[in-house]
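Heads up: the structure comes next, in structure tokens.
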Amino acid sequence: MFIGRLPPIKRRGKQSIYVATIEKANMLVNSLIEENRIEEVGVVVVDELHMIGEEVRGAAIEQTLLKYMHKGSGQIIGLSATLSNIEQLARFLCASVRLIEKVKIGSSLYLVTADRKLEFQSDLGENKLVRSDPEGLVPLLSDVLPRRSVLIFCPTKLNCENVCGMLARLMPKLCALEALREEQDGKLCALLEKSFLRGVAYHHSGLTADERRIVENAFQDGVINVICCTSTLAAGVNLPARRVIIKTPLFLEMISGPLLDCKSSLSEPSLFASFLLDLIFLKIARTKEELECIVQKTLFGIQNENSKELVAQTLDYLKNHDLICIDTDEKYSASMLGVAVFSASLPPCTAQKICSSLLDNLNRGIILSSDFHLIFIVVPFNLAVTIDWDIFYDEVKLHW
């Protein structure tokens, strides 16, 4: 977890890995851009990328990635749940996402197009193993194995084991069982042991927890390449596969439920104002036109046609609250208050309330001879506190 200073200390001849929360990552990217050191970051990995659709925190992810894409030059790797609008997220990240769906009818393979029509792709030829493999699964694996992995979803536990046994007989033999025997003290299900030799395994609720763990780890490590599984595998287990084969149309309907729709949370005015202030302070954009251009490249801009109107409204808000200034060349810059708001990583609306409260207390008179005034800094502004002044006075007398 990254808990170091901002910007991080340079390390000569050494590479660093920063593991950070969403908010800390945003502050880290800001500090590196400010110091002209963003090129030091070569890869950005975002786990749970679908959180970009969450309120508040999603906006932090979105603007962090946007700032890195404009100032950095590395690769962004996003790990996400399945989304219904993945094309919009791909446009935002400038990364194409290809999910290829094919249907086998007889001995022919058809590609399912975007408008759900079938387009002939290839003829698999005669199934020479029709007695052992009547459904023709082996030809579907030949161009993927052994370098890539395959998941085969089966409707029942018995069908899982039957398909696994069939593939174990027909697939080329592999030599990767000793490590698994040692890990299980020589105890392994007979069918699993036989199928492991051929790089195949099955996975369903009938296996013990240890056996399921071995199958999952072996698949991730490349020891096995094919898993015949029921829906048990899809419940909370993330395994990489180049090809997924669904044997029955009924099972396809079972897994084709409603998908999460990822919507940008930058539409919230205070979050959008904070985003524009960051862009102006970091000099990523200085004019209204530059800001409009960048906003249109965000997930919010892709999903909303009225982004230009919001840019104009937000710039007026930032100017009216003395957070930005504009010079004779129509270029924006952060004011002293804007710099303070950026440095504190606070939303402008919250910063305005804190600033007003500070000024109010300064006018009343703050006693600086003790450290009590520092409590103001560490107590969250949105936390309602009711003070019992008698208890407070007793505590002061006790510890002072």
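Computed from the coordinates by the stated procedures, all read-outs in this text should not be read as laboratory data. Predicted model only: the values in this text are computed from it and were never measured. Cβ: placed from backbone, ideal geometry, glycine included. Neighbour counts: every protein chain shown.
Under 5 Å between amide hydrogens, built in the peptide plane, is the criterion, and for Ser108 it picks out Leu124 among residues at least 5 positions away or on other chains.
Computed from backbone phi, the HN-Hα couplings of region 69-78 come to 5, 7, 10, x, 9, x, 9, 10, 10, x Hz, rounded to whole numbers (Karplus: 6.51 cos²θ - 1.76 cosθ + 1.60, θ = phi - 60°; Gly and Pro given as x). Computed extension length for Glu289-Asn320: 9.2 nm, one decimal, from 0.36 nm per residue of separation with the Cα-Cα distance subtracted. Globularity index of region 30-119 is 1.46 (Cα radius of gyration / 2.2 N^0.38 Å, N = number of residues).
For the chain, find the longest principal axis of its Cα atoms and tell me its angle to the long axis of helix 209-220, 0 to 90°, nearest 10. Between helix and principal axis, roughly 80 degrees. Per residue, the convex hull spanned by the alpha carbons of region 266-366 comes to 94 Å³. For an R0 of 35 angstrom, estimate the FRET efficiency from the Cβ-Cβ distance between Glu35 and Arg242 and round to the nearest 0.05. Using R0 = 35 Å, I get an efficiency of 0.30. Sequentially through region 54-67, phi angles give Karplus couplings (6.51, -1.76, 1.60; θ = phi - 60°) of 7, 5, 6, 5, x, 5, 5, 5, 4, 6, 4, 5, 4, 5 Hz, Gly and Pro residues having no value and appearing as x.
Per residue, the average separation of C-alpha pairs within less than 8 Å and at least 6 apart gives the chain a relative contact order of 14 percent. Amide H contacts for Val46 (H built 1.01 Å from N in the peptide plane; partners 5 or more residues away or on another chain; cut-off under 5 Å): Ile77, Gly78, Leu79. I'd like the distance between the alpha-carbon centres of region 318-344 and region 26-86, rounded to an integer number of Å. Cα centres, region 318-344 to region 26-86: 24 Å. Short-range pairs are left out: with C-alpha atoms under 8 Å and at least six residues apart, the relative contact order of region 1-84 is 33 percent.
Using C-alpha pairs below 8 Å separated by at least 6 residues, the relative contact order for region 266-366 is 32 percent. Close amide H pairs (under 5 Å, H built 1.01 Å from N) link Thr287 with Tyr332, residues at least 5 positions away or on another chain. Three semi-axes describe the equivalent ellipsoid of region 22-78; taken as square roots of 5 times the Cα gyration tensor eigenvalues and ordered largest first, they are 19, 12, 8 Å. Build a GNM of the chain with springs between Cα atoms under 10 Å apart, and of Arg91, Arg57, Arg364 the one that fluctuates most is Arg364.
Pairwise Cα distances in the chain exceed 29 Å in 61 percent of cases.
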